[in-house]
Amino acid sequence: MTKGEIVVGLDGSPEAEQALRWAVREAGLRQTGVRAVLAWAVAGPASDGSRPPPATSPEHPRWTAQWIVNDVLGRVRGDEPAARIVGRTVFGPAVRMLLAESAGADMLVLGAHGTGRTAPMLTGSVSLACAHGAEVPVVVVRGSAARWEGGPVVVGVDGSPASLDALDWAVREAELRAARLRVVHVWTPSPTSTDGPPPGADALHRAARGVLDEAVRPYLARARAGTGVEPVLISSGVSRALIDEAARAQLLVLGARGRGGFDGLLLGSTGSQCVFYADSPVVIVRRSDRWARAGRRPGRGGLGGGDHVCPW
């Protein structure tokens, strides 16, 4: 594993190729390389590779897997000759192999859907399984290439440590892209009635504003020229608000907790709704103990440098 490498899951589908192209752009920003991995699960004897084996041969899936990788990498390299890409085929279940291949990488990048010739590898269930199980940020690429640049980076926060990890990751990503950062907190008011707003609505609004202000405070004074941190408070359903924000964004960043499922902001169907329906690439940043092992918490060195600590 090369330090900082980006791993991409391939399956021969247009969506997976689109994910590879996104990863190549991201690697250019980070000055790193890309490893494109195709997992296949039908065993067969080795072939000398001089010609395709018969379709009835148990070796045919292995040959097809390598052919798909070479074909996709050939097209992408033709458009991005300076890209540092290596291709790899591995034998085994897609989720398990992608998690193993991405261990220690900067991120794992997947296509939004999988309709490839080898298997529907990158369907929503695989993407969500990787988002739940990966120890690195998982990116599910959605939207056209024309929309990958120019808009803001959007991050959802809910005050949880997981969402603050996502915020710290999004800060650095916005800096890499020289993009605005929209920090979004969504709160859902109690149902109204014909008699007006329910009792306590003002208190709920103030609490929501406090969560947002506390999250962004460490970053506001340190934004570099050309970038900026924009706190956004929205009263709505969480999934709908974030999907609407993604329609104007080049990236939507969300936090997830450890190996138990999505936390807070991503509780229940919110994370899957964003992965399936957002019009921009969606990043799931998993909370881990990497910061403790490194002797620091997230929040250092983003948007203008200096040391600052995210509130917990």
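The values are calculated or read from the model by the stated rules, or taken from the named source; none is laboratory data. Remember, it's a predicted structure, so these values are computed and weren't measured experimentally. Every residue, glycine among them, receives a Cβ derived from its backbone with ideal geometry; neighbour counts consider all protein chains shown.
On the basis of being surrounded by fewer than 23 Cβ atoms within 10 Å (Cβ to Cβ), at pLDDT 85 or above and touching a His at 6+ places or on another chain (Cβ under 8 Å), does Ala178 make the cut? Considered against the rule, which asks whether it is surrounded by fewer than 23 Cβ atoms within 10 Å (Cβ to Cβ), at pLDDT 85 or above and touching a His at 6+ places or on another chain (Cβ under 8 Å), Ala178 comes out as no. For Ser102, the stated conditions hold: it is within 25 Å of Val282 (Cβ to Cβ), polar (S, T, N, Q) and modelled with pLDDT of 90 or more.
Determine, yes or no, whether Pro52 is in contact with a His (Cβ under 9 Å, 6 or more places away or on another chain), modelled with pLDDT under 95, in a loop (DSSP other than H, G, I, E, B) and over 23 Å from Val253 (Cα atoms). Spelling it out, Pro52 is indeed in contact with a His (Cβ under 9 Å, 6 or more places away or on another chain), modelled with pLDDT under 95, in a loop (DSSP other than H, G, I, E, B) and over 23 Å from Val253 (Cα atoms). Residue check: is Val136 modelled with pLDDT of 75 or more, in a loop (DSSP other than H, G, I, E, B), in the same structural domain as Thr64 (by TED's automatic domain parsing) and under 26 Å from Ala179 (Cβ atoms)? When the stated conditions are applied, Val136 passes them.
Determine whether Val42 is assigned to a helix (DSSP H, G or I) and at pLDDT below 95. Here the answer is no, as Val42 does not meet what is asked.
Against the numbered list (1) modelled with pLDDT of 90 or more; (2) out of contact with any helix residue (DSSP H, G or I) (no Cβ under 9 Å at 6 or more places or on another chain); (3) outside any helix (DSSP H, G or I), Gly305 comes up short only at (1).
Filtered by the rule that a residue be in a loop (DSSP other than H, G, I, E, B) and within 16 Å of Arg182 (Cβ to Cβ), the range 149-168 gives Glu149, Gly150, Gly151, Pro152, Val157, Asp158.
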